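The values are calculated or read from the model by the stated rules, or taken from the named source; none is laboratory data. Quick caveat: nothing in here was measured; it's all calculated off a predicted structure. With ideal geometry, Cβ positions are generated from the backbone for all residues, glycine too; neighbour counts draw on all protein chains shown. Please note that ligands, DNA and RNA were not included when accessible areas were found on the heavy atoms of the full protein model with its side chains. Shrake-Rupley method; radii C 1.70, N 1.55, O 1.52, S 1.80 Å.
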Amino acid sequence: MANDHIDITVEPGEVHALLGENGAGKSTLMNQLYGLLQPDEGEILVDGEPKVFRSPRDAIAAGIGMVHQHFMLVPVFTVAENIALGAEEVRGGPLGWLDRRRNKRDVLETSQRYGLPVDPDALVENLPVGAQQRVEIVKALTRDVDLLILDEPTAVLTPQETDELLAVMRSLADTGKSIVFITHKLREVKAIADRITVIRRGRTVVPSNHPAAAPNRTKGSVSPDTPTDELAALMVGRDVSLEVEKTPAEPGREVLKVSGLIVDDDRGVRAVDHVDLVVRSGEVLGIAGVQGNGQTELVEAIMGLREARAGAIELEEKSLTGRTTKQVLRAGVGYVPEDRSLDGVVKDFTVAENLVLDLYDRAPFGNSFALNPKAIAESARERVSQFDIRTPSSQSTVGTLSGGNQQKVVVAREMSRPLKLLIAAQPTRGVDVGSIEFIHNQIIHERDVGTAVLVVSSELDEVVGLADRIAVMYRGRILAIVSPDMPREEIGLLMAGVVTQEAEDTE
Ligand SMILES: Nc1ncnc2c1ncn2[C@@H]1O[C@H](COP(=O)(O)OP(=O)(O)OP(=O)(O)O)[C@@H](O)[C@H]1O
Ligand SMILES: [Mg+2]
C-alpha cells in the first residue's frame, strides 16, 4: 500500500510543499491527482466538486498540470513538438496537419510570460537537463492550469536555476494558482513553502503535541517556520544529522592521476581543458563547480565513457587511457553516475539483477555460461536491508521503485566490492535526508578504509561536507584547489570564475 488514507488540502495562491522520505508515496499520490493512477478508496475534490480522473486528459481538463519526477519528453522531437504533444493544434479538419506556426507562437508566448527561456526549434536530446526541465514546465503552463504539481523539479537544477524556478513559482502563486512542490531539499522548502504536508510510509504525519505543529494549521499540515532538523525528523521518523561527521584524512599513495587532460563535449566543444589532478588513497577530493563546467566530461573520460583528446589518466601508475568502461570498473573503480536512469540502472531488470551488473559473470554470481540465481538473490537481500532500499522484494523491477530508492540500488552496488577509487557524481540526487546521511557516512567509511574518493556535486554543501580538498572547476579548468574551511562566499566566487591574481597567472 503506497498511500494509506492521506488527507491533503491545497488552497488557491499557495505553494504547498509535500515532504517525505524515499518511497513515502509522494509521486504515487500526485499521479492520482493527475489521473495516471486510480485510487482504491477516497475522494478528490476540485473547487468542492468530487471528480474522477480516468486519465491525465481528465485532470488537464480540470485545470491540473504536472511536471514528473522523471522526464517524459520525446528526445528526438523539438521543444515545440514536445509541448504540442497531446494538445496538437491542427489545421484543415480532422485529416489536417500540425499548425507549427501557431504551436511555436504559443510556446514563445508562454515562455516569455513566465520568464522561462526555451528554444522551440531545439531538439530535446541536445538540451542540458536544466533546459529540459524548463520545457516540461512550459508544457504544463501552456494548458491553463489552476494547480501545478512539480515532482522534484529542482533535483537536476543548479542552485541558480533553482532560485529562478522558485521565483517563477512565487509569481504563479501570486496570480492565484496553487502549486504542490515536492523536494528533498529543505532549504528550498524554507524559502518558498506557505504550508507543508509530510507523509511517511504512505500516511500523513500529524505532529500533534510536536513543537512543529503550527497553531493555526489545518489537518496534516506543518508550518514552514518549523526548524530544519525538526522537518527532517518528521520526514524520516528519527533524528538526522545534517552535517557530515568525519575525522581528518590520512592521505597515502597517489591512486588517481590525471594530467594534461583535454576532453570535448558532444558538440565538439572543449569541455575539459588541460586538467591535472591527483586523488590519494584515504582522501576525498571534491569537485565544486556550477554544472556544465566540464565535471561530467571529466568523469566520463576517466570511466572510459568518453574519449579524451589528449592527456593521461592513471590508476596506481597504470594507464586507463583507451580502456573500456568494464575494464576500468574491473581495475577497482566504483562509479555512481550522475544520471542513474541513463548509466546507473537497467529499469526492466530486477533489483537483484541490478545489484550484480558489475559482477554477474564472476563467482559466486555466475560464470561465462550461466547465472546463479540463488547467490544473486541472497546477496540482494543483504544489500536491500543494509542500504535500506524500500522495495516490495528484491525481485521487483527497478523501474517500479521510487526515484530515491533507485539511487540507493546504484550506491549499494558500487560500494559493495573492494575499491581502489570511488567516483561519485551527484551521489545523493533525489535522495531523502535520512539516506543522504547514510550515503555520506558510507563514502567517509570508504575513505577511511583507504579508498581514494572523487566526489562531484552541484550541491556546495555536499562538497564542503565530504571533501578533504576541493578543486573548483570553471569552464573546463581547475581554477584552484582549496580547503573545505575556506569561507563559502569565496568558494562561490571561484565557482563563478572570479579568481585571485595568483590563480589568474596560472591560467
Ligand atoms: N507501479 C508500481 N508497482 C509496484 N510498486 C510501486 C509502483 N509504483 C510505486 N510503487 C511503490 O510505492 C511506494 C511509493 O513510491 P513513490 O514513488 O510514490 O515514492 P516517493 O515518495 O515519490 O519517493 P521518492 O522521494 O524516492 O521519489 C514505493 O515503495 C514504490 O516501490
Ligand atoms: Mg517520487
**Message:** Restricting to Cα pairs below 8 Å that are 6+ residues apart, what does the relative contact order work out to for segment 415-507? Please round to a whole percent.
**Reply:** 21
**Per residue accessible area in Å² of the chain, where ligands, DNA and RNA are left out and the probe is 1.4 Å** = 47
**Item:** Debye-sum result for segment 223-294 in log10 I(q)/I(0), which assumes one identical scatterer on each alpha carbon, at q = 0.20 Å⁻¹
**Value:** -0.91
**Rounded D (µm²/s) - segment 1-118, Kirkwood Rh over Cα pairs, Stokes-Einstein at 20 °C, 1.002 mPa s** = 126
**Asked** Any idea which of Gly403, Leu357, Ile491 is furthest toward the positive side of the dipole for the chain, if Lys and Arg beta-carbons carry +1 and Asp and Glu beta-carbons -1?
**Response** Leu357
**Complete:** When the charge dipole of segment 63-115 is computed with +1 at the Cβ of Lys and Arg and -1 at the Cβ of Asp and Glu, the Cα pointing farthest to the positive end, of Phe71, Pro94, Leu108, is that of Leu108
**Message:** Under the rule a/c < 1.5 gives rounded, and otherwise a/b versus b/c splits prolate from oblate, where does segment 429-468 land using the Cα gyration tensor?
**Reply:** oblate
**Item:** Given 13 as the ceiling on other Cβ atoms within 10 Å, longest exposed-site-free region of the chain for trypsin sites (Lys or Arg not before Pro) in DSSP loops
**Value:** 55-218
**Message:** What whole-number distance in Å separates the alpha-carbon centres of segment 241-315 and segment 14-35?
**Reply:** 36
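Just to confirm a number: summing +1 for Lys and Arg and -1 for Asp and Glu over residues other than Asn82 whose beta-carbon lies under 11 angstrom from that of Asn82, what do you get?
The answer is -2.
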**Asked** Quick one: what do you get for segment 277-344 if you divide its Cα Rg by 2.2 N^0.38 Å?
**Response** 1.12
**Fill in**
Taking Cα pairs closer than 8 Å and at least 6 residues apart, the relative contact order of segment 337-448 in percent is 30
**Item:** Dipole of segment 73-206 [Lys/Arg +1, Asp/Glu -1 at C-beta], most positive-end residue of Ser178, Ala84, Leu127
**Value:** Ser178
**Message:** Based on alpha-carbon centroids, what's the gap between segment 365-383 and segment 421-465 in Å, whole number please?
**Reply:** 27
**Dipole magnitude of segment 15-236 about its Cα centre (Cβ charges: Lys, Arg +1; Asp, Glu -1), debye to nearest 20** = 160
**Request:** Mind running the shape call on segment 15-236? Use the C-alpha gyration tensor, a ≥ b ≥ c as the square roots of the eigenvalues: rounded below 1.5 for a/c, prolate if a/b tops b/c, oblate otherwise.
**Result:** prolate
**Message:** For segment 248-370, take every pair of Cα atoms, bin their distances at 10 Å starting from 0, and report each bin as a whole percent.
**Reply:** 11, 37, 33, 17, 2
**Request:** Can you send over the solvent-accessible area of Glu243, 1.4 Å probe, protein chains only, in Å² to the nearest 10?
**Result:** 140
**Complete:** So for R0 = 30 Å, FRET eff. of Asn441-Thr321 from the Cβ-Cβ r, to 0.05, ends up at 0.35
**Under 15 Å from the Glu230 label point (7 Å along Cα→beta-carbon), backbone N, segment 166-208** = 190, 195-198, 206-208
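Asp448 to Thr9: extension gain in nm, 0.36 nm per residue of separation minus the Cα-Cα distance?
So the chain would gain 153.3 nm between Asp448 and Thr9.
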**Prompt:** Across the Cα atoms of segment 25-91, what radius of gyration and what greatest pairwise Cα-Cα distance (Dmax) are found, in Å?
**Reply:** 13.9, 42
**Item:** the chain, relative contact order [Cα under 8 Å, separation at least 6], %
**Value:** 16
**Item:** Rounded to the nearest 20 debye, dipole of the chain from Cβ charges on Lys, Arg, Asp, Glu
**Value:** 1200
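Whole number please: convex hull volume per residue of the Cα set in segment 359-458, in Å³?
Given the Cα convex hull of segment 359-458, per-residue volume reads 114 Å³.
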**Prompt:** Does segment 51-182 come out rounded, prolate or oblate by the C-alpha gyration tensor, with a ≥ b ≥ c the root eigenvalues, rounded set by a/c under 1.5 and, if not, prolate when a/b is larger than b/c and oblate if not?
**Reply:** oblate
**Complete:** Phe369 and Thr247 label points (each 7 Å along its Cα→Cβ direction) are spaced in nm at 4.9
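Would you kindly work out the equivalent ellipsoid of the chain from its C-alpha gyration tensor and give its semi-axes, the square roots of five times the eigenvalues, largest first in whole Å?
Listed largest to smallest, the semi-axes of the chain are 38, 28, 25 Å.
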**Asked** Taking the Cα centre of segment 292-404 as the origin, how large is its charge dipole in debye, to the nearest 20, when only Lys and Arg (+1) and Asp and Glu (-1) carry charge on their Cβ atoms?
**Response** 260
